[in-house]
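> The structure is given below, and queries will be raised subsequently.
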Amino acid sequence: MERLYTVIIETPKGAFIKRNEYGAIDLISPIPCPFNYGRLEGFDGKDGDPLDAIVLGKTRAYQERCRLSIVGRVLFIDRGMEDHKIILSTSPPSRMDRISLHTFFRFYARIKNLTNLQRKSNCRTAFLGLECKEIDLFDD
């Protein structure tokens, strides 16, 4: 049985500004986000923040709520902590989706590491890869 999860969009596809769940600016990117970015309603990540969500497909509006299936996750370490991002869509990620996710998160990790250096932090940020498969968060 396909399980649907609610995502709240915080950064629409094509936006340069990444906001947190309170609407405050987290990051201004030099490149537009190639997908919709937000959080899974009712779930926290291992870093204590709301669980990050990526919504593939058409551009969604800021604060839009949508219900979709999980089709994978981005494996990510931020500030030395696990900070995976859940990928949701109406269909499995295409080859172009996977290339975009891989390219963006490699670049994003580099930007975050530069920020860590500027803040004199030794914390590691790294993109570890993609898992493109269905995941049921209630099984964890």
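> Considering Ile25, Ile17, which residue is over 14 Å from the mean Cα position of the chain (by Cα), of a type in the set (Val, Ile, Thr) and open to solvent by 40 Å² or more (accessible area, probe 1.4 Å)?
Checking each option against the conditions leaves just Ile25.
> Also, quick follow-up: So the check is Cβ under 7 Å with 6+ separation or different chains; which pairs have a first residue in segment 61-84 that's under 19 Å from Thr11 (Cβ atoms) and a second one that's basic (Lys, Arg) and in a loop (DSSP other than H, G, I, E, B)?
Cys66/Arg60; Gly72/Lys133
> Do you know which residues across segment 52-80 are outside any strand (DSSP E or B), of a type in the set (A, V, I, L, M, F, W, C) and surrounded by 15 or more Cβ atoms within 10 Å (Cβ to Cβ)?
Correct list: Leu56 only.
> Before we move on, is Leu51 touching a helix residue (DSSP H, G or I) at 6+ places or on another chain (Cβ under 6 Å) and of a type outside the set (Asp, Glu)?
no
> Filter segment 28-63 down to residues that are closer than 19 Å to Ser91 by Cβ and of a type in the set (Ser, Thr, Tyr) and give me whichever is modelled with the highest pLDDT.
Thr59
> Does segment 18-30 contain any residue that is among the small types (Gly, Ala, Ser), farther than 23 Å from Thr125 by Cβ and in contact (Cβ under 8 Å) with a residue 24 or more places away in the chain?
From segment 18-30, those among the small types (Gly, Ala, Ser) are 23-24, 29; that's our starting set.
Going one step further and asking which of them are farther than 23 Å from Thr125 by Cβ, we end up with 23.
Now drop any that are not in contact (Cβ under 8 Å) with a residue 24 or more places away in the chain, which leaves none.
Among the residues of segment 18-30, not one is among the small types (Gly, Ala, Ser), farther than 23 Å from Thr125 by Cβ and in contact (Cβ under 8 Å) with a residue 24 or more places away in the chain, which makes the answer no.
> Within segment 1-51, considering only strands (runs of 3 or more DSSP E) that don't extend past its boundaries, which have at least 3 residues that are of a type in the set (Val, Ile, Thr) and touching a Ser or Thr at 6+ places or on another chain (Cβ under 8 Å)?
none
> Those residues that are among the aliphatic types (A, V, I, L, M), at pLDDT 90 or above and open to solvent by 90 Å² or more (accessible area, probe 1.4 Å), I need them from segment 81-127; list them, please. Can you show your working first?
Here is the first cut: in segment 81-127, the residues among the aliphatic types (A, V, I, L, M) are 81, 86-88, 96, 99, 101, 109, 111, 114, 117, 126.
Still in the running and at pLDDT 90 or above: 86-88, 96, 99, 101, 109, 126.
Scanning segment 81-127 gives a single hit, Met96.
> If you don't mind, there's one more thing I want to ask. Within the set of pairs 6 or more residues apart or between chains, which connect a residue that is free of Cβ contacts under 8 Å to residues at least 60 places away in the same chain and closer than 17 Å to Glu131 by Cβ inside segment 91-117 to a residue that is part of a helix (DSSP H, G or I) and open to solvent by less than 50 Å² (accessible area, probe 1.4 Å) with Cβ atoms less than 8 Å apart?
Listed pairs, sorted by first residue: Pro93/Leu101.
The values are calculated or read from the model by the stated rules, or taken from the named source; none is laboratory data. This is a predicted model, so every value here is computed, not measured. Neighbour counts run over all protein chains shown; Cβ positions are idealised from the backbone, glycine included. Areas reflect the complete protein model, heavy atoms only, side chains present, ligands, DNA and RNA absent. Shrake-Rupley method; radii C 1.70, N 1.55, O 1.52, S 1.80 Å.
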